[in-house]
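Encoded as C-alpha cells, the structure appears first; notes follow it.
The values are calculated or read from the model by the stated rules, or taken from the named source; none is laboratory data. Everything numeric in this text was worked out from a predicted model, so none of it was measured. Here the Cβ positions follow ideal geometry from the backbone for every residue, glycine too, while neighbour counts run over all protein chains shown.
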Amino acid sequence: MTARKPSPSAQFSALLSRFPPEIVALVKRCLPKLRRTIPVSYQLVYDYSNSLVVALGMSERGYEAIVAMAIDPRRVRLYFDKSLPDPKGLLEGSGAKVRSIALQAASDLDHADIQALIKAAIKHSGVAFPRTGSTRMIIKSESKKTSSKKPRPRRTGHT
C-alpha cells in the first residue's frame with residue numbers, strides 16, 4: 001500500500017516550518033490578503049535551499065506571475081515585474097527582471113500605494129480573471145539535499 005502524498009497546503013506548511021515563527025506568522029497573514037487581491041489564481045510554490053517563493057498568476061508558469069512573495073529567514077518581500085511603472089518610487093533593487101518591496105506587516109498590503117502597485121501589476125499582466133473558481137496551490141519544486149546530477153566527465157587534452 002502506498003502512502004498518500006500530502007496536500008499542497010500541507011506541503012507548504014511543512015516547507016514554511018523551517019523559518020522563524022515571526023516570518024511564518026507574517027506569511028500566514030499576508031498570503032490570504034494576496035489571494036483576495038488576485039482571485040482565482042495559481043499559487044506556485046518554489047522551494048530553494050534557504051528561501052521559498054510563492055508566485056501568484058493565471059498560469060502554471062512562474063515567469064508569468066503577477067506578483068511573487070519571497071520568504072527567507074530574515075524577511076518577506078513582494079516582487080513585481082521590473083517594467084511596472086512605480087510613480088511613488090517604492091520598489092527597490094536593480095534586478096534584470098524584477099524589483100521588490102519589503103513587507104514588515106500584513107497591514108503593509110492594505111496601504112493605498114502598495115494596493116496601487118498590485119492593481120497596476122494586474123493590469124500590466126493583461127490577464128482577465130474568471131468569474132468563478134478558486135486559488136490552486138502547486139508545489140513546483142522541492143529541496144534536494146544532494147544533487148541527483150552526475151558530474152560531467154572532464155575533458156582532457158589530446159596529445
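Among the residues in region 18-25, are any part of a helix (DSSP H, G or I) and among the acidic types (Asp, Glu)? Before you say what the answer is, go through the steps one by one.
Taking region 18-25 first, the residues part of a helix (DSSP H, G or I) are 21-25.
Add one more test, that the residue is among the acidic types (Asp, Glu), and what stays is 22.
Yes - at least one qualifying residue is present in region 18-25.
On the stretch given as region 1-17, residues that are within 18 Å of ALA70 (Cβ to Cβ), in contact with a strand residue (DSSP E or B) (Cβ under 9 Å, 6 or more places away or on another chain) and either of a type in the set (A, V, I, L, M) or in a loop (DSSP other than H, G, I, E, B) (or both) total 2. For region 60-99, filtered to residues that are within 24 Å of ARG136 (Cβ to Cβ) and among the acidic types (Asp, Glu), the residue that is modelled with the highest pLDDT is ASP81. One residue stands out among those in region 119-145 that are within 15 Å of the chain's Cα centre (by Cα), assigned to a loop (DSSP other than H, G, I, E, B) and surrounded by 11 or more Cβ atoms within 10 Å (Cβ to Cβ): the one that is modelled with the lowest pLDDT, which is SER141.
Within region 42-62, the residues that satisfy the criterion of being closer than 14 Å to VAL127 by Cα and either over 8 Å from the mean Cα position of the chain (by Cα) or among the basic types (Lys, Arg) (or both) are TYR42, GLY57, MET58, SER59, GLU60, ARG61.
Looking across region 16-37, the residues that are in contact (Cβ under 8 Å) with a residue 60 or more places away in the chain and not hydroxyl-bearing (Ser, Thr, Tyr) come down to LEU26, ARG29, CYS30, LYS33, LEU34, ARG35.
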